[in-house]
Structure formats: structure tokens, C-alpha cells
Amino acid sequence: MLYDRPYMQKPFSTQDKSVVEILIVVLIVCFLVNSIVGIFSSTINNFIFENLYFSAGAISSFLLWTLFTYSFFHDGPFHLIFNLLGLYFIGRAVESDIGKTNFIYLLIIGSALGAFFWLTFNNSGQFLLGSSSMVMACLSIYCLKQPDNPITLLLFFVLPCKVKPRWILIGVLSIEVYGFLFNEISSSSDIAHSAHLGGLLAGGLVFYFLRQGKNFPSFVFDTSKSMFSSKKSGSSTVDNSDFKINFSSTSELQKEVDRILDKINESGFGSLTSKEKVTLDKAKSLLRN
């Protein structure tokens, strides 16, 4: 039935594990492995450093995967914890809103743009690591999609404070620009403000792309053709949204509701047509009985 589906029971869950849940586990595992390896094997530790962290040297050696793998490693537990909190509280909301496929692209673009921005101003032996650019991409698109929807923050982790997301974005952007101009460029800080700015830009670009009514393509393995085929996220071979639904037939209604919920799971609630929203609303009362 309608409310038996996992992602209708929990606001931020999906049929399977969400991308955020999987990413959090991966980040924790990578941190633990890297920390343990650093104690027992300097050889493996150097291998990880040279082949998975991002740097000018890695790019000159054509280690292009480091544009993304650097995001899986962190410089200390506090660095990891802050990024995990950002992914958990912001990333889940964004993934639920835009869908799994679009969210994965957001993370990839955020990681890549963060690395490119950082490389432009840091190319003399430094290295980059951490998933902050991904978190900034999530923060950016979240604030842009609902700028005036107040959220409650705990100031100093104690005092509740209501603030509009637009002011959060303006504040974070101001802090990052200041840190970039007066700390990173002068090498007086190890914080990669340029990577953060790249992540914020990535969120803005993805927001603009999705606002045009577009979705990023998803790739599925088509066993009938024995090759990879692509499809637009949130679309299917047959568009059933214009079909008339017989609300007196429980099986037919259930089939249409399942299709709509699968679409929400993949591309977010915003991808629904007005007819699909009406159908889902009517089905709430009918399928509960």
C-alpha cells in the first residue's frame, strides 16, 4: 500500500540506501583505513597520498580520478565530522528534493569544480583533500531552491535561531571570499577556501540547470541490447502521466501510484506533473481504507 513504502514512511529515506547514507559510510571507512595504514605502513600511506589526493603533480601525471577521490579523505577527525554533519543535515534534504541521479551529478560537479578552483591558486606542492566542496554544493543548491523558507539553527549548539537560507548562503559566501582573499592567497591558512567557492558555484550551476526543467541523464545496463543505454532522470519509455486513472479499480490505482513514487524516488517531488500530484493526493485517502 501507499504508506508501506519505505521512503513514504521516512522523509529522507529511499527504497534502497540513499546516496548520502552510502557516502557517509564510505567517508568513515576511508578515514579509518587511511589512519590505520598511516601507523603501520608508510609505503601504502605514500601510495594513497600520491595516487588519491588531488594536487598539481597528480594532474600532470594524468591521475584524473584524483579530481574526485580526494573528497573521500580527511585531515583529522574534526575535518571529517564537520563534513559528515553537513552531508547528513543538508545533503539528505537536497537528495530527497532533486532525486538520486541529479544528486550524484551535484556531488561530482562540486568535487571537480572545487578541485579546479583550488588548483588555479595552489600549484606549488600543496595537496587537497576533504569533501567540503561537496557539502558547499549541497548548501548552495538548498539555499537557492528555497531561499525564504525559514530554518531553525542552534546558535553555539544551544540557542535556537530562525534564519532564511538566503542569508545563510550570503554569510557563507562572504566568509569564504574573505578567507580566500586574506588567508589562502597569503598562505596564512590551510583551509581551502577556493575549493569551497568552487563547490558553491557548482550548486548554483546545477540549480540553474534543473530550474530549466531538465534532468541529468542516468545510465542503465540494457540486457536486451547487451550495451549501456542512457535515459533522462525521471523519465521512462512510456509516459503514463496523461493516462486516465480508474479510481474505482484498486489495482490500477496502485500501479499508477507505484510509478509516481518511483519517479519521486529517482528525480524528486519537483519532477511530478500537476496531474501526478492530484493522483497522489487522491490516492492517499483511497488506499488508506
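The values are calculated or read from the model by the stated rules, or taken from the named source; none is laboratory data. Just so it is clear, the model here is predicted, and its values are computed rather than measured. Cβ: placed from backbone, ideal geometry, glycine included. Neighbour counts: every protein chain shown.
Scan the stretch 174-216 for residues that are closer than 16 Å to Leu128 by Cβ and of a type in the set (Gly, Ala, Ser) and jot them down.
Gly179, Ser187, Ser189, Ala192, Ser194, Ala195, Gly198, Gly199, Ala202
All but one of (1) part of a helix (DSSP H, G or I); (2) over 22 Å from Ser124 (Cβ atoms) hold for His74, so report the exception by its number.
Evaluating His74 over (1) part of a helix (DSSP H, G or I); (2) over 22 Å from Ser124 (Cβ atoms) leaves (1) as the failure.
Per-residue answers, yes or no, for (1) in a helix (DSSP H, G or I); (2) within 15 Å of Ile191 (Cα to Cα):
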site	(1), (2)
Gly86	yes, no
Gly91	yes, no
Asn102	yes, no
Ala115	yes, yes
Gln126	no, yes
Ser133	yes, yes
Met136	yes, yes
Cys143	yes, no
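Just to be sure, is Thr152 in a strand (DSSP E or B) and β-branched (Val, Ile, Thr)? Working first, answer last.
Values: in a strand (DSSP E or B): yes; β-branched (Val, Ile, Thr): yes.
Spelling it out, Thr152 is indeed in a strand (DSSP E or B) and β-branched (Val, Ile, Thr).
State whether one or more residues within the stretch 41-58 are closer than 28 Å to Lys214 by Cα and outside any helix (DSSP H, G or I). So that I can check it myself, show each step before the final result.
Narrowing the stretch 41-58 to residues closer than 28 Å to Lys214 by Cα: none.
Looking through the stretch 41-58, none of the residues is closer than 28 Å to Lys214 by Cα and outside any helix (DSSP H, G or I).
I need every pair where a residue in the stretch 53-76 that is over 19 Å from Cys30 (Cβ atoms) has its Cβ under 7 Å from the Cβ of a residue that is of a type in the set (S, T, N, Q) and in a loop (DSSP other than H, G, I, E, B), sequence separation at least 6 or different chains.
Short answer, once both residue conditions are applied: Ala56/Asn123.
Please identify the pairs in which a residue from the stretch 131-156 that is within 11 Å of Val94 (Cα to Cα) and surrounded by 11 or more Cβ atoms within 10 Å (Cβ to Cβ) has its Cβ atom under 9 Å from the Cβ atom of a residue that is at pLDDT below 90 and β-branched (Val, Ile, Thr), counting only partners at least 6 apart or on another chain.
none
Name the pairs whose Cβ atoms lie under 6 Å apart, with the first residue in the stretch 242-271 and exposed (fewer than 15 other Cβ atoms within 10 Å of the Cβ), the second at pLDDT below 70 and assigned to a loop (DSSP other than H, G, I, E, B), and 6 or more positions between them or separate chains?
Glu252/Asn246
Out of the stretch 180-222, which residues are of a type in the set (Asp, Glu) and assigned to a strand (DSSP E or B)?
Applying the first criterion (of a type in the set (Asp, Glu)) to the stretch 180-222 yields 184, 190, 222.
Asp222, the sole residue that qualifies.
Counting only residues that are closer than 12 Å to Leu128 by Cβ, modelled with pLDDT of 95 or more and not small (Gly, Ala, Ser), how many does the stretch 54-71 have? Outline the logic, then answer.
Restricting attention to the stretch 54-71, the residues satisfying the condition of being closer than 12 Å to Leu128 by Cβ are 54-59, 66-71.
Now restrict to residues that are modelled with pLDDT of 95 or more: 54, 66-71.
This time we only want the ones that are not small (Gly, Ala, Ser), so: 54, 66-70.
Residues in the stretch 54-71 being closer than 12 Å to Leu128 by Cβ, modelled with pLDDT of 95 or more and not small (Gly, Ala, Ser): 6 in total.
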